[in-house]
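Trainee: If you scroll down you'll find the structure; I have some questions about it.
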Amino acid sequence: MNSSRPYLVRALYEWIVDNDCTPHLLVNAEYPGVQVPPGFASDGQIVLNASPSAVRHLHMDNQAVSFEGRFGGVAHSLYIPAAAILAIYARENGQGMVFDMEPSVAGSPEEPEPDDDGPSGDEPPRPSGRPSLKVVK
């Protein structure tokens, strides 16, 4: 079955824009294939304003989100694989959705595939409860 992430990103994007809010994408800038301007990411993540007035040539499909945006007055082409999108939310009120991190390459030696024996001793337990998103200004 296909990942639901790209479908949810597109639906939430449309919902945010229809409500006259500003869609922001939280992106794992270190995910393979991500193309964002160097020097703008912090702690391996970048927040992108993807509003229709801030980007050109926006394209969203099941593989990626791509568009042209300006950083420091300079136009850059951005490419974000769907799996690299960590959240989409409205800047004005924080409403949106946070996604689980996806391994960059399943089964690689750096990230072995999970087994069914439960969490290993060196992994912290997953947080419980409902995630909340805060917009940091």
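The values are calculated or read from the model by the stated rules, or taken from the named source; none is laboratory data. Source: prediction; values computed, not measured. As a convention, Cβ positions derive from the backbone with ideal geometry for all residues, glycine included, and neighbour counts pool all protein chains shown. The accessibility values were calculated without ligands, DNA or RNA, using every heavy atom of the protein model including side chains. Shrake-Rupley method; radii C 1.70, N 1.55, O 1.52, S 1.80 Å.
Trainee: Return the distance in nm (one decimal) between the two label points of a simple spin-label model at residue 4 and residue 35, each offset 7 Å from Cα along Cα→Cβ.
Mentor: 3.1 nm
Trainee: Then there is this: Note down the relative contact order for segment 1-110 as a percent, whole number, built from C-alpha pairs under 8 angstrom at least six residues apart.
Mentor: Relative CO of segment 1-110 lands at 29 percent.
Trainee: Which net charge results when you count Lys and Arg as +1 and Asp and Glu as -1 among the other residues whose beta-carbon is under 12 Å from that of residue 76?
Mentor: With Lys, Arg at +1 and Asp, Glu at -1, the neighbours total +1.
Trainee: List the residues of segment 33-61 whose backbone N lies under 14 Å from a point placed 7 Å from the Cα of residue 102 along the Cα-to-Cβ direction.
Mentor: 33-34, 61
Trainee: Can you sort 92, 102 by solvent-accessible area, 1.4 Å probe, largest first?
Mentor: Reading off the accessible areas and sorting them downward yields 92, 102.
Trainee: Beyond 23 Å, what share of the Cα-Cα pairs of segment 4-90 remains, rounded to the nearest whole percent?
Mentor: Here the long-distance tail beyond 23 Å is 13 percent of all Cα pairs in segment 4-90.
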